[in-house]
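The values are calculated or read from the model by the stated rules, or taken from the named source; none is laboratory data. From a predicted model like this one, the values you see are computed outputs, not experimental measurements. All Cβ positions, even for glycine, are placed from backbone atoms using ideal geometry, and neighbour counts span all protein chains on display.
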Amino acid sequence: MRSALLLLLTFVTNMVFSQTFEETIDSKKLGGSRNFSVTLPPYYEQNVDKKYPTLLILDGEYLSAPFNGILKYGNYWDDLPEMIVISVYQNYGEQRFKDSEFDEAGLPSGSGAAFFEFLGMELLPYVEGKYRTQPFRVIAGHDTTAGFLNFYLYKDNPVFNGYISLAPEMAPEMEKRVAERLATIQKPVMYYQASGQGDLPELRDKTAALDQNIKAIGNKNFRYQYDDFPGASHYSLVAQAIPHALYFIFDGYQPISMVEFQDKIVKLDSGYTQYLIDKYENLEKNMGLKVTPRLTDFKAIEAAIVKNKAYPELQDLSKYAEKQYPKTTLSVYHQALYYEKMGEYKKAIKTYNSAFTREAIRELSKDYMLNRAERLKNKKDESITEEYSDPEVQYDENGNVIEPTSEEGEKKEDEE
């Protein structure tokens, strides 16, 4: 019996946590095979409809573990998205240098040109054909491979959206060409580079030159960050840079924090719900990440609306909740809370009670909603709707704006 339980426990543990698969691909571009690994998010098999961004790590033998560690930590707090991580093995013999080969003009050549095409034309299509991916790709490398990954920016339509260049060893003219390309590329690009003050002077000089060239660009269609870590060596800077890089690439993904709430949201004069809408629309627009708005973010916006007594915006929040969490109690709660805050208690009671036909979500259980209605039972309506009303705007009995007819609109324009 104990053996059977141990076997079952081992199976369940492996199913949830053992998500790294060693693979080999036969490459026409390389004229041989190449080993790599794919690390999937813990619940990849269970979340069958979910798609994930990809992170391609060069020098995978030693960069894979720290990247996966920070991603796992960020995933735990929902600060970083779950990703499919591709780790390419290059640290045997002179392979990483052959993969990064360039000519005197500073362009990929020979085995470097072959490896360049292998990643974009064979490896990525293979992974994206086998696994569920979103069209957002990040590439990372260290010294030789960090310089190599910059070659993808030389293309008019770069394969990758995010670039993590750690102590790069650059090809000739790269400190100028990368800046020139960033100035002209139209698609959203996130570019991160790092160096350490204890690194080799010839490497630091070029990263500093690239930093100055990028900062001189006027109209930026990209996001950029450069870290120069005090006291860090060529190798220790990697451990410091990886969390900086990932949090930079996915800036805006994190849930609304207390600092964001206090410094940005509460200080708004209006547009609280629009702030929430924009946050998630920008994630999809700039990163291709389709993320369902978090319930904690709904609560933060609700708190800002109530704190600033901008009660009519609870109706906007209710509509957005209905779109994101249909058939749940969330939208009903915000609509009922609007009526309650506006002193229209009869409508609030009726709306709270209507949650009985809805699916509970978090603490907004059916009992919670019915109890809210019960607490308002003996209160008489004390509507404050007029305090918020615009004399030019008319509302129906449910508090929704009545759009003027075309004739009324034309008449108003004539009067103006």
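State yes or no: is residue 324 over 29 Å from residue 136 (Cα atoms) and of a type outside the set (Phe, Trp, Tyr)?
Here the answer is no, as residue 324 does not meet what is asked.
Report those helices (runs of 4 or more DSSP H) wholly inside the range 253-365 carrying at least 2 residues which are over 21 Å from residue 383 (Cβ atoms).
Details: elements: 272-287, 295-307, 313-324, 329-341, 345-353.
Per the criteria, 272-287, 295-307, 313-324, 329-341.
Against the condition touching a residue at least 60 places away in the same chain (Cβ under 8 Å) and not β-branched (Val, Ile, Thr), how does residue 230 come out, does it pass?
In short, no.
For the structure I just gave you, tell me whether residue 120 is assigned to a helix (DSSP H, G or I), assigned by TED's automatic domain parsing to the domain that holds residue 174 and surrounded by fewer than 23 Cβ atoms within 10 Å (Cβ to Cβ). Can you show your working first?
Numbers: assigned to a helix (DSSP H, G or I): yes; assigned by TED's automatic domain parsing to the domain that holds residue 174: yes; surrounded by fewer than 23 Cβ atoms within 10 Å (Cβ to Cβ): yes.
So residue 120 fits the description; yes.
Suppose we filter the range 149-184 for residues that are closer than 22 Å to residue 95 by Cβ and either among the charged types (D, E, K, R) or touching an Asp or Glu at 6+ places or on another chain (Cβ under 7 Å) (or both); how many remain?
3
Tell me which residues, restricted to the range 221-244, are part of a loop (DSSP other than H, G, I, E, B) and farther than 25 Å from residue 186 by Cα.
Matches in the range 221-244: 230, 231, 232, 233, 234, 235.
Under the condition of being crowded, with 19+ Cβ neighbours inside 10 Å and out of contact with any Phe, Trp or Tyr (no Cβ under 6 Å at 6 or more places or on another chain), which residue from the range 339-348 is nearest to residue 319 (Cα to Cα)? If you could, list the steps in order and put the result at the bottom.
Kept after step one, since they are crowded, with 19+ Cβ neighbours inside 10 Å, are these residues of the range 339-348: 339-340, 342, 344-345, 347-348.
Retained after the next criterion (residues that are out of contact with any Phe, Trp or Tyr (no Cβ under 6 Å at 6 or more places or on another chain)): 339-340, 344-345.
Numbers: 339: 14, 340: 17, 344: 19, 345: 20 Å.
Applying the filter and picking the extreme gives 339.
Which one of these does residue 43 not meet: (1) under 20 Å from the mean Cα position of the chain (by Cα); (2) within 15 Å of residue 99 (Cα to Cα)?
Among (1) under 20 Å from the mean Cα position of the chain (by Cα); (2) within 15 Å of residue 99 (Cα to Cα), the lone unmet condition for residue 43 is (2).
Could you pull out the residue among 351, 357 that is surrounded by 19 or more Cβ atoms within 10 Å (Cβ to Cβ) and of a type in the set (S, T, N, Q)? First the steps, then the outcome.
Working: 357 fails: surrounded by 19 or more Cβ atoms within 10 Å (Cβ to Cβ).
That would be 351, the only listed residue that is surrounded by 19 or more Cβ atoms within 10 Å (Cβ to Cβ) and of a type in the set (S, T, N, Q).
Residues are listed down the side, and each one gets a yes or a no for (1) part of a helix (DSSP H, G or I); (2) in contact with a Ser or Thr (Cβ under 9 Å, 6 or more places away or on another chain); (3) aromatic (Phe, Trp, Tyr):
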| position | (1), (2), (3) |
| --- | --- |
| 129 | yes, no, no |
| 136 | no, yes, yes |
| 141 | no, yes, no |
| 145 | yes, yes, no |
| 148 | yes, yes, yes |
| 153 | yes, no, no |
| 156 | no, yes, no |
| 164 | no, no, no |
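So, in the range 46-68, exactly how many residues are under 19 Å from the mean Cα position of the chain (by Cα) and among the aliphatic types (A, V, I, L, M)? So that I can check it myself, show each step before the final result.
Quick first cut of the range 46-68, residues under 19 Å from the mean Cα position of the chain (by Cα) only: 47, 49-57, 67-68.
If we keep only those that are among the aliphatic types (A, V, I, L, M) as well, we get 55-57.
Count: 3.
Looking at (1) under 17 Å from residue 205 (Cα atoms); (2) surrounded by fewer than 17 Cβ atoms within 10 Å (Cβ to Cβ), can you tell me which one residue 183 breaks?
(1)
Does residue 285 qualify as being in the same structural domain as residue 373 (by TED's automatic domain parsing), more than 27 Å from residue 135 (Cα to Cα) and not aromatic (Phe, Trp, Tyr)? Quick ask: steps written out before the conclusion?
Values: in the same structural domain as residue 373 (by TED's automatic domain parsing): yes; more than 27 Å from residue 135 (Cα to Cα): no; not aromatic (Phe, Trp, Tyr): yes.
No: the conditions fail for residue 285.
Looking only at the range 198-220, which residues are in contact (Cβ under 8 Å) with a residue 24 or more places away in the chain, over 25 Å from the mean Cα position of the chain (by Cα) and assigned to a helix (DSSP H, G or I)?
Once the filter is applied, which keeps residues that are in contact (Cβ under 8 Å) with a residue 24 or more places away in the chain, over 25 Å from the mean Cα position of the chain (by Cα) and assigned to a helix (DSSP H, G or I), the range 198-220 yields 203, 204, 206, 207, 209, 210, 213.
For the range 37-70, what are the residues that are farther than 19 Å from residue 162 by Cβ and part of a strand (DSSP E or B)? Even if it seems obvious, please write down each step before you answer.
In the first step, residues of the range 37-70 are kept if they are farther than 19 Å from residue 162 by Cβ; the result is 37, 40, 42-50, 61-62, 65.
Listed by number, the list holds a single entry, 37.
Could you list, in sequence order, the residues of the range 237-270 that are over 29 Å from residue 164 (Cα atoms) and touching a residue at least 24 places away in the same chain (Cβ under 8 Å)?
Passing the criteria: 261, 265, 266, 268, 270.
Go through the range 51-106 and count every residue that is touching a strand residue (DSSP E or B) at 6+ places or on another chain (Cβ under 8 Å) and at positive phi.
Counting residues in the range 51-106 that are touching a strand residue (DSSP E or B) at 6+ places or on another chain (Cβ under 8 Å) and at positive phi gives 1.
Condition test on residue 73, is it assigned to a helix (DSSP H, G or I), within 18 Å of the chain's Cα centre (by Cα) and either closer than 30 Å to residue 256 by Cα or of a type in the set (Gly, Ala, Ser) (or both)?
Numbers: assigned to a helix (DSSP H, G or I): yes; within 18 Å of the chain's Cα centre (by Cα): yes; either closer than 30 Å to residue 256 by Cα or of a type in the set (Gly, Ala, Ser) (or both): yes.
For residue 73, the condition - assigned to a helix (DSSP H, G or I), within 18 Å of the chain's Cα centre (by Cα) and either closer than 30 Å to residue 256 by Cα or of a type in the set (Gly, Ala, Ser) (or both) - is met.
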